1. How are the Cα pair distances of the chain distributed, in percent, across 20 Å bins from 0?
2. With a cap of 13 neighbouring Cβ atoms within 10 Å, and only residues DSSP puts in a loop, list the trypsin sites (Lys or Arg not before Pro) found in region 205-267.
3. From the residues VAL372, ALA301, VAL74, which one has its Cα farthest along the dipole of the chain in the positive direction, the dipole being from +1 and -1 charges on Cβ of Lys/Arg and Asp/Glu about the Cα centre?
4. So for each of 278-285, 99-106, 328-335 I average, over its residues, the number of other beta carbons within 10 Å; can you give me the resulting order with the highest mean first?
5. Over the chain, what is the relative contact order in whole percent, taking alpha-carbon pairs under 8 Å and six or more residues apart?
6. Any idea what Rg and Dmax come out to for region 136-279 if you just take the C-alpha atoms, in Å?
7. Could you give the length gained by full extension between GLU373 and ARG140, i.e. 0.36 nm per residue of separation minus their alpha carbon distance, to one decimal place?
8. Cβ neighbours within 10 Å, averaged per peptide: list 166-174, 121-129, 397-405 in order, most packed at the top.
Amino acid sequence: MSSRIEIWQLRAQFAAGLSQMYGAEVPAYHTLVEVSSEVNRAHTGELRLGSLERVTAERHGAIRVGSPAELAQVAALFSAFGMSPVGFYDLREAASPIPVVSTAFRPVEPDELARNPFRVFTSMLTAADDRFFSADLRGRVQRFVEDRQLFDPALIAAARRIAAAGGCPVDEAADFVAAAVSAFALSREPIDRAWYDELSAVSAVAADIAGVTSTHINHLTPRVLDIDELQRAMTERGITMIDHIQGPPRVDGPQVLLRQTSFRALAEPRRFRSPTGQVSDGTLRVRFGEVEQRGVALTPAGRARFDAAMAAPDPAAVWHDHFPATDAEMAAAGLGYYVDGDPARPVVYEDFLPASAAGIFRSNLDSDASAVEGGDTTDYSQDWMAGQIDHYIHDPYDLYEKVARS
Ligand code: OOG
Ligand code: NI
């Protein structure tokens, strides 16, 4: 009898495979991983938020798709890796709107997160939103997306089988993981220049999603224990980082939720087809490097305080009007999640922040659509998305609550 590969092992192999592929595609990623590891090794502070080993191995990825049907395929594929949709993010509502709605696929059980916490922030183009797309353009976007195939149906069928069986025989695993990884490789297929440019005029994100016939991993993000130190170290190496770390400021006291920073990837070689059918070499600059620091998960009450602090012109200056300076006080006030209420055992935030996500999207674009006018007339919502992908979308607060009571 051949032995079985468990779901979590498949997830670890998938994450490692993507990392290897992305490193070959975007060499600056290696620098980022190297500097992140250095920062983590030098970190002398507390490690309550994760062991050096887990933190240094930890990654999230980001992908973008064009339709509910494509998102449903992603959900089926990721189910074979034990990654379930968690949370709903509407980035059209951000201060700088992006025409996507998103969810994050990740393990939801604490022991699964401990084995391998790989997660993928997954965005879907909101083609039905007439604040971004005219009826004519929407029709053409939808046809283009319907006509392409991001994933081999055999891959999706295998994923469903593996998810249902809770693993697969050893001799199937390598091929399955390799096929899943290569679905996210940058394509060498020539890009229709006129179509890509037309979409770029509406939104650079729309062009990246619906201007090409494949999807790709947009970035892979290592986790660090001190993001300010990382930002300094990268800058020292001559890499231009975005001006401001996204998310909460560095604070004196418990660091909460998620802080992120990024740099733009260099232009990458891509092939283009002109209206006369000629294929030529060109470049596109759509991928980037990102890094994150994770802190304590906030309760709804804590999140309301967070939103209030972040609404101030200088959140750092008003931080302690909203948050106490110790974990003991955070736990006692019910602002953060702690296992059994024990301030020595904070629950790590495993999700994303819509404002930061929009900031990361935007900071890496040359230009994009400005503020949308008029009301939202679309159906996009968490319930809508759950119905489209036929998967329950977890509420992050329920998950933190469960971890805190375990
Ligand atoms: C996703 C941007 C958001 C994050 O870490 O908040 C994101 C994208 O660029 O597709 O990855
Ligand atoms: Ni990211």
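1. 26, 60, 14, 0
2. The qualifying sites are ARG237, ARG250.
3. The residue sitting most towards the positive pole is VAL74.
4. 99-106, 328-335, 278-285
5. Across the chain, relative contact order equals 22 percent.
6. When restricted to the Cα atoms of region 136-279, Rg and Dmax are 20.5, 61 Å.
7. Full extension from GLU373 to ARG140 adds 81.6 nm.
8. Put in order of decreasing packing, that is 121-129, 397-405, 166-174.
The values are calculated or read from the model by the stated rules, or taken from the named source; none is laboratory data. The structure displayed is predicted, hence computed values, not measured ones. In this analysis, Cβ positions are derived from the backbone assuming ideal geometry, glycine residues included, and neighbour counts consider all displayed protein chains. Protein only, heavy atoms only, side chains kept; ligands, DNA and RNA dropped before computing areas. Shrake-Rupley method; radii C 1.70, N 1.55, O 1.52, S 1.80 Å.
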